[in-house]
Amino acid sequence: MARAFAGPGKYIQRKGEIRALAQHVTPLGSRALVLVDPAVADSLQPALAAGLEGVTVRFERFGGECTHAEIDRITAATATPGSAAEVIVAVGGGKTIDTAKAAAIRTGARMVIVPTIASTDAPCSAVAVVYDAHGVFAETLRLSRNPDTVVMDPDVIAAAPPRFFAAGIGDALSTFFEARSNAESRTDNYVAGGFPRTLAGLAIAETCQAVLRRDGIKAMIAVRAGLCTTAVENIIEANTLLSGLGFENCGCSAAHGIHDALTRLDETHGLLHGEKVAFGTLCLLMLENRDPAEIEETIRFCRAIGLPTRLADLGITEDVPAKIERVAAAALKNPGAIIYATPVTLSVPLLRDSILALDAFSATIR
Ligand SMILES: [Zn+2]
């Protein structure tokens, strides 16, 4: 009856909180390296400078991809002899955050995460995903610590393009369905080397799903109109805290396994993580042969949010069966891959045909 649960030390969500950042950094250390996504470096500079008053700060611009080389660079910058940073503050999206987390583990620095988009599960977890310089999935790192503090400022999130918010909903959409895969296949979670999930972990994944269904479409419409409502704030929490805790404590399965393999197709490189995960989630439901009403409802939800539901939406229009066969083979290649947390006896033909069948099923939904 073993079980284990992990999460960040603190999660704070409040409008304007970026201007109070020092309050969350100072208890962890007086010298900070701030790794900033270049996309927001200029627009957030005044708020960050005001928010970090009193902290000795060194700014570094993120290089654009979470590669081993970028992690090495930030590790070296953090550990500069004589002025080593005690805290790494990550300001940006999932790849900026994962790079900062990996570097913090190597140097022993504490971690404060300031997401600028509500688009992935990176902020809360002790997992970092490494890509090669071309954006192809390379490996998943399981880190020994979760971030100390996550500071979510809805004003910052609302200023980002709505597409990121939609992608976050796509990533969060996988959380409950993948938790169910893991429960049915009795696969361990990502906590402390792998444990059965806690009741709390499953409850969080279920709540994530309920909040998406209740508030997702309302929130998306509000964000597109530049508005911040209670539904928007709830979805920010669902995309970041509920989804982040849900996946780490319950596990990923084929939605992310298919995502990882899709990164091998050049056509998908312009797509965001959560967009590919949303499509992978639909494929997961077909692979697990779920109730058609559930698949249809999920397709309709994705369309209302603006998430892909067809291979053509991912840009995959030519040579489709051969490409999907390659995706299926890549997804199953490593026997330890997360896709094996699915309660199905997997094979390349079954996975290939499930993806193609989901595409055909989606074409029938008007
Ligand atoms: Zn994800």
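The values are calculated or read from the model by the stated rules, or taken from the named source; none is laboratory data. In this text, all values refer to a predicted model and were calculated from it rather than measured experimentally. For neighbour counting, all protein chains shown are included, and Cβ atoms are generated from backbone atoms with ideal geometry for every residue, glycine included. Please note that ligands, DNA and RNA were not included when accessible areas were found on the heavy atoms of the full protein model with its side chains. Shrake-Rupley method; radii C 1.70, N 1.55, O 1.52, S 1.80 Å.
Pairs of lysines 8 or more apart, or on different chains, with alpha carbons under 27 Å: count those in the chain, would you?
Lysine pairs satisfying the spacing and distance rule in the chain number 13.
So what's the back-of-envelope 222 nm ellipticity for the chain, counting only DSSP H runs of four-plus at -39500 (n - 2.57) apiece and dividing by all residues, rounded to 500?
On the way: 14 runs with 181 residues, N = 366.
After summing the helix terms and dividing by the residues of the chain, the value is -15500 deg cm²/dmol.
Rounded to whole Å and sorted largest first, what semi-axes of the equivalent ellipsoid does the C-alpha gyration tensor of the range 162-363 yield via the square root of 5 times each eigenvalue? Working shown, then result.
Working: eigenvalues 123, 94, 38 Å².
Equivalent-ellipsoid dimensions as semi-axes: 25, 22, 14 Å.
What is the calculated FRET efficiency for ALA357 to THR140, with r their C-beta to C-beta distance and R₀ = 22 Å, to the nearest 0.05? Display every interim value, and only then the final one.
Numbers: r = 28 Å, r/R0 = 1.26.
With a Förster radius of 22 Å, E is 0.20.
Cβ under 13 Å from ALA183's Cβ, ALA183 left aside: what net charge do those residues give with Lys, Arg +1 and Asp, Glu -1?
Local net charge: -1.
Give, in nm to one decimal, the length gained when the segment between GLU294 and ILE12 is fully stretched (0.36 nm per residue of separation minus the Cα-Cα distance). Let's see the in-between values first.
On the way: separation 282, 0.36 × 282 = 101.52 nm, distance 3.36 nm.
Between GLU294 and ILE12, full extension yields 98.2 nm more.
What is the sum of charges around THR263, taking Lys and Arg as +1, Asp and Glu as -1, for the other residues whose C-beta is under 10 Å from the C-beta of THR263?
Values: positive: ARG264, LYS276; negative: ASP132, ASP260, ASP266.
Overall, the nearby charge balance is -1.
How much length would be gained if the chain were fully extended between ALA329 and ARG61, taking 0.36 nm per residue of separation minus their Cα-Cα distance, in nm to one decimal? Spell out each step's value before the answer.
Numbers: separation 268, 0.36 × 268 = 96.48 nm, distance 3.65 nm.
Residue separation times 0.36 nm, minus the Cα-Cα distance, leaves 92.8 nm.
Net charge near ASP148: determine it from the other residues with C-beta under 14 Å of the C-beta of ASP148, scoring Lys and Arg +1 and Asp and Glu -1.
Details: positive: LYS10, LYS101, ARG110, ARG145; negative: GLU86.
Spelling it out: positives minus negatives among the neighbours equals +3.
Give me the accessible area per residue for the range 215-366, probe 1.4 Å, as a whole number in Å².
Numbers: 5730 Å² over 152 residues.
Per-residue accessible area for the range 215-366 comes out at 38 Å².
For the chain, set up a Gaussian network in which alpha carbons nearer than 10 Å are linked by springs, and say which option among MET111, MET286, MET152 fluctuates the most.
Result for the chain, Cα springs under 10 Å: MET286 fluctuates most.
Would you work out the relative contact order for the chain, in percent, from Cα pairs under 8 angstrom that are 6 or more residues apart?
On the way: 760 pairs, mean separation 61.2, N = 366.
In percent, rounded to a whole number, it is 17.
Carbon and sulfur: what percent of the chain's accessible surface (1.4 Å probe)?
Roughly 54 percent, rounded to a whole number.
Which of the three applies to the chain, rounded, prolate or oblate, going by the alpha-carbon gyration tensor with a ≥ b ≥ c and a/c under 1.5 meaning rounded?
Details: a/c = 1.70, a/b = 1.53, b/c = 1.11.
Here the chain falls in the prolate category.
Based on the Cβ-Cβ distance from ALA79 to GLU53, what FRET efficiency comes out when R0 is 25 Å, to the nearest 0.05? Please report the intermediate quantities before stating the final value.
On the way: r = 25 Å, r/R0 = 0.99.
So the FRET efficiency works out to roughly 0.50.
Take each complete run of DSSP H in the chain, measure how far its Cα atoms stretch along the helix's own axis, and keep only those covering 24 Å or more with mean Kyte-Doolittle hydropathy at least -1.0; list them.
On the way: long enough: 162-184 (34 Å, 0.03); 199-224 (35 Å, 0.73).
Span-like helices in the chain: 162-184, 199-224.
Calculate, for the range 38-158, the solvent-accessible area per residue in square angstrom, rolling a 1.4 angstrom probe over the heavy atoms of the protein chains. Walk me through the numbers before you get to the answer.
On the way: 4360 Å² over 121 residues.
That works out to 36 Å² per residue.
Can you tell me which of 161-174, 220-233 comes out highest on packing, and rank the rest after it, using the mean Cβ neighbours within 10 Å? Intermediate values should be presented prior to the final figure.
Numbers: 161-174: 25.9, 220-233: 16.3.
Final packing ranking: 161-174, 220-233.
Taking amide H atoms as placed 1.01 Å from N in the peptide plane, list the residues 5 or more away in sequence, or in a different chain, whose amide H sits under 5 Å from that of GLN13.
Amide H neighbours of GLN13, under 5 Å, 5+ apart: MET152.
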